[in-house]
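Trainee: Could you have a look at this structure, given as structure tokens, before my questions?
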Amino acid sequence: MLRILWIRHGETEWNRERRIMGRENIGLNDDGRAQSRSLRDALRPYQLDAVYSSPILRARETAEIIAEGRGLEAQFEERLWEIDYGEWVGKTFEEIRKMPGYVPYFQRLETPVAPGGETLHQVRARALEFLGSLKASHQKGTIAVVSHADTIKCLLMAILEIPYSNIWRFRIDNVSVSLLETDERGDRIICVNQRGDLGRLFATRFAF
């Protein structure tokens, strides 16, 4: 069995300001670094066989903290990038909702989330492609993957066959863990947006 921990990066100042980061190289703030160290410590009792990460700075920093003391180097993968938010980068969510003609992206799934950006379906395609490559190279073990909220949402919703018009109903917090287990029978989601009590996840087996 392959166990994959999908982890959102730690907090940044732009997270606090509700400002759209997209692929901007915004680093962690002090709380984000502390969050990442807490997750590192919570994971310390458990084996990790590899750590993968989006190459964007906030994800890189989180992954490097998680990998500390394990003899592992985080491997950076562009398919784990955040959604390309195009012209919305740097704006707050409040600002874009006041734009003339604004329509939430989950109500127009065939168009980019923002002018000059990409669609949720494009994010899904690259996330699923990366998952397929993980399955091919790691048949078993436990892997940590550090990415971004919407990228993780797109992957989980694709596996669960949830329409993307419901993406706003999902919440993925900073340094939360969403656990995917996969074997010859298929994929199963064990938890979404878990904070704390990771021991229960590692100890539990769900039959189906």
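Trainee: For region 89-208, rounded, prolate or oblate, judged on the Cα gyration tensor with a ≥ b ≥ c (square roots of eigenvalues), a/c < 1.5 rounded, else prolate if a/b > b/c?
Mentor: Values: a/c = 2.39, a/b = 1.83, b/c = 1.30.
Prolate, since a/c reaches 1.5 and a/b exceeds b/c.
Trainee: For Thr92, enumerate residues with amide H under 5 Å from its amide H, sequence gap 5+ or separate chain, H modeled in the peptide plane.
Mentor: Amide H to amide H, under 5 Å and 5 or more residues apart or across chains, Thr92 pairs with Ile20.
Trainee: Which residue, Glu68, Glu184, Glu87, has the most motion in a Gaussian network model of the chain that connects Cα atoms within less than 10 Å?
Mentor: The residue with the greatest mean-square fluctuation here is Glu184.
Trainee: Separate question: Treating the beta-carbon of each Lys and Arg as +1 and of each Asp and Glu as -1, no other charges, what is the dipole magnitude of region 59-131 about its Cα centre, to the nearest 20 debye? Intermediate values should be presented prior to the final figure.
Mentor: Working: 9 positive and 14 negative charges, 71 e Å.
Dipole size: approximately 340 debye.
Trainee: Taking Cα centroids, how far is region 187-203 from region 54-117 in Å?
Mentor: Between the Cα centre of region 187-203 and that of region 54-117, the gap is 24 Å.
Trainee: Restricting to DSSP H runs of at least four residues, report the calculated mean residue ellipticity at 222 nm for the chain, -39500 (n - 2.57) per run over all residues, nearest 500 deg cm²/dmol.
Mentor: Details: 7 runs with 70 residues, N = 208.
Value at 222 nm, helices only, nearest 500: -10000 deg cm²/dmol.
Trainee: While we're here: Around Tyr102, with a cut-off of 13 angstrom between Cβ atoms, what is the net charge of the other residues, counting Lys and Arg +1 and Asp and Glu -1?
Mentor: Values: positive: Lys91, Arg97, Lys98, Arg108; negative: Glu87, Glu94, Glu95.
Spelling it out: positives minus negatives among the neighbours equals +1.
Trainee: Given springs between every Cα pair under 10 Å in a Gaussian network model of the chain, which of Arg108, Arg185, Arg40 has the largest fluctuation?
Mentor: Answer for the Gaussian network model of the chain: Arg185.
Trainee: Can you list the residues, at least 5 places off or on another chain, whose amide H is less than 5 Å from the amide H of Gln75, using H built in the peptide plane?
Mentor: Counting only residues 5 or more places away or on other chains, the set is Val51, Tyr52, Ser53.
Trainee: If you restrict to DSSP beta bridges whose two residues both lie in the chain, what percentage is antiparallel, to the nearest 5? It would help to have the intermediate numbers written out before the result.
Mentor: On the way: 13 of 26 bridges.
So the antiparallel bridges in the chain amount to around 50 percent.
Trainee: Arrange the peptides 75-85, 93-103, 140-150 so that the one whose residues have, on average, the most other Cβ atoms within 10 Å appears first.
Mentor: Numbers: 75-85: 19.0, 93-103: 10.1, 140-150: 21.9.
The peptides rank, most packed first, as 140-150, 75-85, 93-103.
Trainee: Please give the length that would be gained between Gln139 and Val103 if that part of the chain were fully extended, namely 0.36 nm times their separation in residues minus their C-alpha to C-alpha distance (nm, one decimal).
Mentor: Gain on extension, Gln139 to Val103, equals 8.8 nm.
Trainee: Just to verify a number: FRET efficiency for Gln122 and Glu87, C-beta to C-beta distance, R0 = 25 Å, to 0.05? Working shown, then result.
Mentor: Working: r = 17 Å, r/R0 = 0.66.
Once the sixth-power term is evaluated, E becomes 0.90.
Trainee: Would you mind computing, in nm to one decimal, how far apart the modelled labels at Glu94 and Leu160 are, each placed 7 Å from Cα along Cα→Cβ?
Mentor: In this crude spin-label approximation the distance works out to 3.0 nm.
Trainee: Here is a follow-up. Under the Karplus relation 6.51 cos²θ - 1.76 cosθ + 1.60, θ = phi - 60°, what is the ordered set of whole-Hz ³J(HN,Hα) values for region 109-120, x standing for Gly and Pro?
Mentor: Computed from phi, the couplings for region 109-120 are 5, 8, 10, x, 4, 8, x, x, x, 10, 8, 4 Hz.
Trainee: For the chain, just list the percent of Cα-Cα distances falling in each 5 Å bin from zero outward, please.
Mentor: The percentages, shortest bin first, are 1, 7, 16, 20, 21, 16, 10, 6, 2, 1, 0.
Trainee: Does anything in region 104-128 have its amide N under 18 Å from the 7 Å Cα→Cβ label point of Glu78, and if so which residues?
Mentor: 117-119, 122-128
Trainee: Continuing with this model, one more query. Per residue of region 159-164, in order, report the coupling 6.51 cos²θ - 1.76 cosθ + 1.60 (Karplus, θ = phi - 60°) as ³J(HN,Hα) in whole Hz, putting x for Gly and Pro.
Mentor: 5, 7, 6, 8, x, 5
Read-outs throughout are calculated quantities, based only on the coordinates presented, and are distinct from any laboratory measurement. Computed from a prediction, not measured in an experiment: that's the story for all the values here. Neighbour counts run over all protein chains shown; Cβ positions are idealised from the backbone, glycine included.
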